[in-house]
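Participant: Sending over a structure as structure tokens; questions will come in a sec.
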Amino acid sequence: MGTLNGKVALVTGASKGIGAGIARRLASDGARVVVNYASAEDAATALVADIEAVGGRAMAVRADVRSKTDVDALVAAALDHFGRLDIVVNNAGIYQFAKIEDTTEELYRQQFDLNVLGTLLVTGAAAPLLGEGSSIVNVSSFVTRVLPAESAIYTGTKGAIDAITGVLSRELGPRGIRVNSVNPGLIETEGTHANGVMGSDFQAWNEQQTPLGRIGQAADIASIVAFLVSADAGWVTGETMLGSGGMR
Ligand code: NAP
């Protein structure tokens, strides 16, 4: 009997990286999972097949979380297919460091639209469906504690997420809905490979500064999310929980 049996979870940006790890873990804990993706249909479909091959239930749904039309359709698809919604993980996000003098409107809009507007739209569409005992987890970042140079836009987006987490814990708490964030340290993902972080000085600096002596894997974050959405975390809301091997 899984800890999430009977629950339905929606994970945004679940075709890759941390989101895929979270979707896999919540499914193995018994949740039926909506695997959201933006472009990587093959990866999302393969993840659903993997989950179903070991007896889980999942479905892939394309939606750009920056679009209210797409988000409304995403939430409607979850309800149509699985009949309810209990868990929302706002994971879809993008990171691009830049010196402050290299700030552009494009860098700002790319990161704030996906990381912040996307989280607000998905949460807003899902909130009316969530009942007592439901839970929302926002994927923030350790950058809001570490404050790395040349990350003003990205760290700004995640600072907003930490604040939004606190606000929504107050706003939705009276309905028995918990809202927390997990703040990962550097994690090896398709995204950190694609943007050149893996193998860089930034990776070496992270390993050096991390008490546990390594960077993280998606499963390290998935297990924290699995705790935060479980009944064991029933007295936990409004938290920003570092998952960084002790780096702070
Ligand atoms: P990733 O490997 O680049 O994967 C990003 C995911 O987001 C993909 O599934 C992608 O879908 C999806 N996505 C992109 N644009 C989207 C959109 N407009 N609508 C819906 N989904 C969209 O990223 P990651 O490294 O796993 O990071 C995931 C989250 O963790 C982000 O919020 C990031 O800020 C946070 N985080 C990451 C690290 C790290 O070191 N990796 C550390 C701290 C926090 P498609 O592939 O279909 O486009």
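The values are calculated or read from the model by the stated rules, or taken from the named source; none is laboratory data. This structure is a prediction, so every number in the text was calculated from the model and none was measured. As a convention, Cβ positions derive from the backbone with ideal geometry for all residues, glycine included, and neighbour counts pool all protein chains shown.
Participant: Looking only at strands (runs of 3 or more DSSP E) that fall completely inside segment 1-83, which ones have 3 or more residues that are in contact (Cβ under 8 Å) with a residue 40 or more places away in the chain? Before the answer, list the steps.
Facilitator: Details: elements: 8-11, 32-37, 57-62.
Strands (runs of 3 or more DSSP E) meeting the threshold: 8-11, 32-37.
Participant: Which of the following residues is within 16 Å of the ligand (Cβ to nearest atom), at pLDDT 95 or above, out of contact with any strand residue (DSSP E or B) (no Cβ under 8 Å at 6 or more places or on another chain) and more than 22 Å from GLY246 (Cα to Cα): TYR108, TYR154? Steps first, please.
Facilitator: Numbers: TYR154 fails: more than 22 Å from GLY246 (Cα to Cα).
Every option except TYR108 fails the conditions.
Participant: Please go through segment 84-105 and give me each residue that is in contact with a strand residue (DSSP E or B) (Cβ under 9 Å, 6 or more places away or on another chain) and either within 15 Å of the ligand (Cβ to nearest atom) or under 16 Å from ASN183 (Cα atoms) (or both), ordered by number. Even if it seems obvious, please write down each step before you answer.
Facilitator: From segment 84-105, those in contact with a strand residue (DSSP E or B) (Cβ under 9 Å, 6 or more places away or on another chain) are 84-93; that's our starting set.
Once the filter is applied, which keeps residues that are in contact with a strand residue (DSSP E or B) (Cβ under 9 Å, 6 or more places away or on another chain) and either within 15 Å of the ligand (Cβ to nearest atom) or under 16 Å from ASN183 (Cα atoms) (or both), segment 84-105 yields VAL88, VAL89, ASN90, ASN91, ALA92, GLY93.
Participant: Something else: If I ask for residues that are within 8 Å of the ligand (Cβ to nearest atom) and surrounded by 24 or more Cβ atoms within 10 Å (Cβ to Cβ), which ones from segment 22-53 would you list? Break it down into steps so the answer makes sense when it comes.
Facilitator: Here is the first cut: in segment 22-53, the ones within 8 Å of the ligand (Cβ to nearest atom) are 36-41, 43-44.
Selection gives ASN36, TYR37, ALA44.
Participant: Could you check segment 59-75 and list, in sequence order, the residues that are of a type in the set (A, V, I, L, M) and within 14 Å of the ligand (Cβ to nearest atom)?
Facilitator: First, the residues of segment 59-75 that are of a type in the set (A, V, I, L, M): 59-61, 63, 65, 71, 73-75.
Of everything in segment 59-75, those that are of a type in the set (A, V, I, L, M) and within 14 Å of the ligand (Cβ to nearest atom) turn out to be ALA60, VAL61, ALA63, VAL65, VAL71, ALA73, LEU74, VAL75.
Participant: Could you tell me which of the residues GLY245, GLY238, GLY234 is away from the ligand (no atom under 13 Å from the Cβ) and touching a helix residue (DSSP H, G or I) at 6+ places or on another chain (Cβ under 9 Å)? Spell out the reasoning first.
Facilitator: On the way: GLY245 fails: away from the ligand (no atom under 13 Å from the Cβ); GLY234 fails: touching a helix residue (DSSP H, G or I) at 6+ places or on another chain (Cβ under 9 Å).
On inspection, the qualifying residue turns out to be GLY238.
Participant: Checking the structure you have, find out if any residue of segment 107-127 is of a type in the set (Asp, Glu) and under 18 Å from SER39 (Cβ atoms).
Facilitator: From segment 107-127, those of a type in the set (Asp, Glu) are 113; that's our starting set.
In the following step, the residues that additionally are under 18 Å from SER39 (Cβ atoms) were identified as 113.
So far as segment 107-127 goes, yes, one or more of its residues are of a type in the set (Asp, Glu) and under 18 Å from SER39 (Cβ atoms).
Participant: With segment 163-248 as the region, which helices (runs of 4 or more DSSP H) entirely inside it contain at least 1 residues that are of a type in the set (Phe, Trp, Tyr)? Even if it seems obvious, please write down each step before you answer.
Facilitator: On the way: elements: 190-194, 201-209, 218-228.
Passing ranges, in order: 201-209, 218-228.
Participant: For segment 194-204, name all the residues that are more than 8 Å from the ligand (Cβ to nearest atom) and free of Cβ contacts under 8 Å to residues at least 12 places away in the same chain.
Facilitator: Within segment 194-204, GLY196, MET198, GLY199, SER200, ASP201, ALA204 qualify.
Participant: Could you run through segment 151-175 and say how many residues are touching an Asp or Glu at 6+ places or on another chain (Cβ under 9 Å) and exposed (fewer than 14 other Cβ atoms within 10 Å of the Cβ)?
Facilitator: Residues in segment 151-175 being touching an Asp or Glu at 6+ places or on another chain (Cβ under 9 Å) and exposed (fewer than 14 other Cβ atoms within 10 Å of the Cβ): 1 in total.
Participant: Check LEU186 against each of (1) more than 7 Å from the ligand (Cβ to nearest atom); (2) surrounded by 14 or more Cβ atoms within 10 Å (Cβ to Cβ) and name the one condition it does not meet.
Facilitator: The one condition LEU186 does not meet is (1).
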